[in-house]
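Asker: My structure is below; once you've seen it, I'll send some questions.
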Amino acid sequence: MTVNSETLKAAIRKFIEERACNPGETLDENEDLFFSRRLSSIDILELILFVQETFAIHADPVKFSMETIGTLNRLTRLFSEIGEEV
């Protein structure tokens with residue numbers, strides 16, 4: 001299933017902002033989500049499940065690393081690439 005990367009990014013952004021930002025605060029697309037302590041390991045697991053269920057994108061856990069999931073842009077890129085592989 002091919003997913004529009006902007007739609008995917010908007011959904012991921014909303015998921016993160018609802019859980020990790022103050023009202024009215026906007027997430028920087030290149031902010032390190034772990035270093036800033038916006039997301040915990042449990043949060044990222046919930047985010048991965050959310051994307052998998054919402055967009056029918058299923059990935060091998062080996063693809064997930066700090067380099068591939070550390071920021072909103074990296075998360076979007078990873079899931080976009082996985083969606084194109086299907």
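The values are calculated or read from the model by the stated rules, or taken from the named source; none is laboratory data. These figures come from a predicted structure and were not determined experimentally. Every residue, glycine among them, receives a Cβ derived from its backbone with ideal geometry; neighbour counts consider all protein chains shown.
Asker: Which pairs have Cβ atoms under 6 Å, sit 6 or more apart or on different chains, and link a residue in the stretch 6-19 that is at pLDDT 95 or above to one that is surrounded by fewer than 18 Cβ atoms within 10 Å (Cβ to Cβ) and among the acidic types (Asp, Glu)?
Answerer: none
Asker: When only residues in the stretch 67-86 that are β-branched (Val, Ile, Thr) and not in a helix (DSSP H, G or I) count, which is farthest from the chain's Cα centre (by Cα)? It would help to see each step written out before you state the result.
Answerer: Quick first cut of the stretch 67-86, residues β-branched (Val, Ile, Thr) only: 68-69, 71, 76, 82, 86.
Pick out the ones that are also not in a helix (DSSP H, G or I) and you get 71, 86.
Values: 71: 8, 86: 18 Å.
Result: 86.
Conditions tested, residue by residue: (1) over 14 Å from residue 81 (Cβ atoms); (2) charged (D, E, K, R).
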| residue | (1), (2) |
| --- | --- |
| 5 | no, no |
| 11 | yes, no |
| 15 | yes, no |
| 18 | yes, yes |
| 22 | yes, no |
| 28 | yes, yes |
| 31 | yes, yes |
| 51 | no, no |
| 60 | no, yes |
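Asker: Of all residues in the stretch 21-43 being at pLDDT 90 or above and outside any loop (DSSP other than H, G, I, E, B), which is surrounded by the most Cβ atoms within 10 Å (Cβ to Cβ)?
Answerer: 43
Asker: Can you find even one residue in the stretch 71-84 that is exposed (fewer than 14 other Cβ atoms within 10 Å of the Cβ), modelled with pLDDT under 90 and of a type outside the set (S, T, N, Q)?
Answerer: Step one: filter the stretch 71-84 for residues exposed (fewer than 14 other Cβ atoms within 10 Å of the Cβ), giving 84.
From the residues that got through so far, the ones that are modelled with pLDDT under 90 too are 84.
So of that shortlist, the ones also of a type outside the set (S, T, N, Q) come out as 84.
Yes: one or more hits.
Asker: Being surrounded by 12 or more Cβ atoms within 10 Å (Cβ to Cβ), of a type outside the set (Asp, Glu) and more than 14 Å from residue 76 (Cα to Cα) is the filter here; which residues of the stretch 1-20 pass it?
Answerer: 19, 20
Asker: Pick from the stretch 23-53 the residues that are touching a residue at least 24 places away in the same chain (Cβ under 8 Å) and of a type in the set (A, V, I, L, M): which of them is nearest to residue 11 (Cα to Cα)?
Answerer: Among those that are touching a residue at least 24 places away in the same chain (Cβ under 8 Å) and of a type in the set (A, V, I, L, M), it is 51.
Asker: I need the full set of residues from the stretch 44-70 which are acidic (Asp, Glu) and at pLDDT 90 or above, in order please.
Answerer: Residues satisfying the conditions are 46, 53.
Asker: Just for the stretch 44-66: of the residues that are in a loop (DSSP other than H, G, I, E, B) and not small (Gly, Ala, Ser), which one is surrounded by the most Cβ atoms within 10 Å (Cβ to Cβ)? Walk me through it before giving the result.
Answerer: Going residue by residue through the stretch 44-66, those that are in a loop (DSSP other than H, G, I, E, B) are 56-60, 64-65.
Narrowing the set further to residues that are not small (Gly, Ala, Ser) leaves 57-58, 60, 64.
Values: 57: 22, 58: 13, 60: 8, 64: 15.
The selected residue is 57.
Asker: Any residue in the stretch 54-67 that is within 23 Å of residue 14 (Cβ to Cβ) sitting within a Cβ distance under 8 Å of a residue that is part of a loop (DSSP other than H, G, I, E, B) and among the aromatic types (Phe, Trp, Tyr)? List the pairs, counting only those 6 or more apart or interchain.
Answerer: 66/34
Asker: So residue 10 fits all but one of (1) over 19 Å from residue 59 (Cβ atoms); (2) in contact with a Lys or Arg (Cβ under 8 Å, 6 or more places away or on another chain); (3) among the aliphatic types (A, V, I, L, M); what number is the exception?
Answerer: That leaves (2) as the condition not met.
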